[in-house]
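The values are calculated or read from the model by the stated rules, or taken from the named source; none is laboratory data. Keep in mind that what you see is a predicted model, and the values were worked out from it rather than measured. Because the Cβ atoms are built from the backbone with ideal geometry, glycine has one as well, and the counts that use them run over all protein chains shown. Remember, those area values only see protein heavy atoms, side chains included, never the ligands or the DNA or RNA. Shrake-Rupley method; radii C 1.70, N 1.55, O 1.52, S 1.80 Å.
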Amino acid sequence: MRELRLTNTLSRTKELFVPVSEGRVGMYVCGPTVYGDAHLGHARPGVTYDVLFKLLTHLGYKVRYVRNITDVGHLEHDADEGEDKIAKKARLEQLEPMEVVQAYTLRYHEAMRMLNVAPPSIEPRASGHIIEQIEAIKKILDAGMAYESNGSIYFDVAKYNEKYHYGILSGRTLEDTLEGTRSLDGQSDKRAPYDFALWKKAEPQHIMRWPSPWGDGFPGWHLECSVMGEKYLGREFDIHGGGMDLMFPHHECEIAQNQASRGTRGVRYWVHNNMITIDGKKMGKSLGNFITLFDLYRKYSPMTIRFFILQAHYRGTLDFSDDALAAARKGLKRVLQAAKDLYAIAGVKAPEYSYGALPATVAPESCTAESKEVRTVWENVYDALCDDLNTPVALAAISEAVRLINSYKEGSVKLTKADIDTLVQLFNDVVFGVLGLCDEESSQGGQSKVVEGLMQMVLEQRAAAKAAKDWAVSDHIRDSLKALGIVVKDTKDGAEWTME
RNA sequence: GGUGCGUUGGCCGAGUGGUUAGGCGCAGGUCUGCAAAACCUGUUACAGCGGUUCGAUUCCUCUACGCACCUCCA
């Protein structure tokens, strides 16, 4: 099996990936809080961890990928004082909170499906794990690292920090976390500002409530991920992913909860994707500068957005702009056209697009191509992907493959059957598999028979006009089709057409 | 104020102590009735000042600017 390196936020270095149990990977990723439509920012972790999931699978690991849905406990403004995001949306729309949850969960699934993000192996909901969360709180209380205050339970960070390091992930000390924090307003039930809620007492008007040993209430936001991670992946699992903005306090709290409740940090490799920015500023709910995926899909296809995300490394910020998206659209088109040509040259069928499909489970150990250039491309692609998921470098190598295919097509490069076979495999396994690109046009069930027949007829007429050197007619046909969004290209083997 | 990150050519965006990232755009060429596509060529950059080095965009100091987290945010 190929070696994979991942940047572990804990060490801030690239580490060789070694799973807890050989051949298997447990991966947990923080999913969305479903109180609104997913925006472009949500596409980043969606695509990033989809690629990681698919790469691990392709390398031969059996992967269990857990991505949660947060449907309770995520409060506004302040982790422990604001209104529950779901409850607020429900109040505003006069809906039962679970109606909000259901509606936006389905819409999230649709937004991800369009990006060809495969569904996770398990998608647990916070509200479905109240019992487990209560049990975890009991353990933390037993360990003496939490306290009850006015019907709520808080994590005792200072107590925890005596024995462990609170701030190990985000690289700060307990003192650091005090800097710049708001002063206690005296109303808080917390002993210290950095303490966080494990369980919150529900006020009488609060709809989302569950019974507990401490009275009716609801779980704190950070707890769900600790609990569901353990339930489905075990006391200690391999990879935990999420956005960099979740590093502190969310993931820091998770580590503390894990340590206090089960005696281990719980996670070996912490992986964090960076943010998408607009004009250099983070796209997010608070700034209100986000654009929802469904809105974006009206202008740019989901695959364009996927390609755009893949063109940057996941650890860096990625700036959104019309120019950048337009460039991604053209770059993607070039790759997909080459893919079509490649499959035609090889005389094999292009892989059928199917949502949730994973790449071949075992990556080829060595390259069987004969051409040095093809071998280099092949090596570069796998080296890049296994070097901390370097998709931009992998795409650069793919771009070289595209050049080879095009050059072969026009006869300026020679490739053997072994070379072609290697390229086909590379496109199957990596371009369409791991990177998860797909040809949206041809995946829409292809063109109808009627359109195919009509186009054939029209192009025959045009060919006849061309043969008679009647350029007026042939250009008129081409221009008319162009106006309809159909682009005709003359090649030495006759005319080709594509729908824009 | 604390912590951390960044500053690359017209745009997006990789990477490296000395050799082409890649995409998009632009210019020229080949091909073509024309166009499109494709191919070839060109467009050669690494914020500033010092330092280390035979040599730094790449390591170190400082400066400027920007960003993120420290409230919820993927």
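Listed values, structure above:
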item	result
Subset tally (residues that are part of a helix (DSSP H, G or I), surrounded by 15 or more Cβ atoms within 10 Å (Cβ to Cβ) and near RNA strand B (Cβ under 7 Å from one of its atoms)) for the range A:309-331	3
Test: residue in the range A:234-244 that is open to solvent by less than 40 Å² (accessible area, probe 1.4 Å), among the aromatic types (Phe, Trp, Tyr) and touching a Gly at 6+ places or on another chain (Cβ under 6 Å)	yes
Test: residue in the range A:365-381 that is within 16 Å of the chain's Cα centre (by Cα), more than 8 Å from RNA strand B (Cβ to nearest atom) and either loosely packed, with under 14 Cβ neighbours inside 10 Å or at pLDDT 90 or above (or both)	no
Extreme residue, nearest to A:ASN380 (Cα to Cα), among residues of the range A:424-453 that are hydrophobic (A, V, I, L, M, F, W, C) and modelled with pLDDT under 90	A:VAL451
Single match in A:GLY46, A:GLY23 (criterion: surrounded by fewer than 22 Cβ atoms within 10 Å (Cβ to Cβ) and modelled with pLDDT of 95 or more)	A:GLY23
Flag if A:THR304 is within 15 Å of RNA strand B (Cβ to nearest atom), in contact with an Asp or Glu (Cβ under 7 Å, 6 or more places away or on another chain), outside any loop (DSSP other than H, G, I, E, B) and of a type in the set (Val, Ile, Thr)	no
Residue match in the range A:145-157 (condition: more than 16 Å from RNA strand B (Cβ to nearest atom), touching a residue at least 60 places away in the same chain (Cβ under 8 Å) and open to solvent by less than 10 Å² (accessible area, probe 1.4 Å))	yes
Number of positions in the range A:215-233 that are surrounded by fewer than 19 Cβ atoms within 10 Å (Cβ to Cβ) and over 23 Å from A:ARG67 (Cβ atoms)	2
When residues of the range A:275-298 are limited to those that are touching a residue at least 60 places away in the same chain (Cβ under 8 Å), part of a loop (DSSP other than H, G, I, E, B) and touching a strand residue (DSSP E or B) at 6+ places or on another chain (Cβ under 7 Å), the one farthest from RNA strand B (Cβ to nearest atom)	A:ILE291
One residue from A:ARG172, A:ARG125 being open to solvent by 60 Å² or more (accessible area, probe 1.4 Å) and closer than 30 Å to A:TYR355 by Cβ	A:ARG125
Within the range A:398-440, tally of residues that are more than 8 Å from RNA strand B (Cβ to nearest atom), within 30 Å of A:ALA43 (Cβ to Cβ) and in a helix (DSSP H, G or I)	14
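Residues are listed down the side, and each one gets a yes or a no for (1) within 11 Å of RNA strand B (Cβ to nearest atom); (2) assigned to a strand (DSSP E or B); (3) open to solvent by 60 Å² or more (accessible area, probe 1.4 Å):
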| position | (1), (2), (3) |
| --- | --- |
| A:MET457 | no, no, yes |
| A:ALA465 | yes, no, no |
| A:LYS469 | yes, no, yes |
| A:SER474 | yes, no, no |
| A:ASP479 | yes, no, yes |
| A:LYS489 | yes, yes, yes |
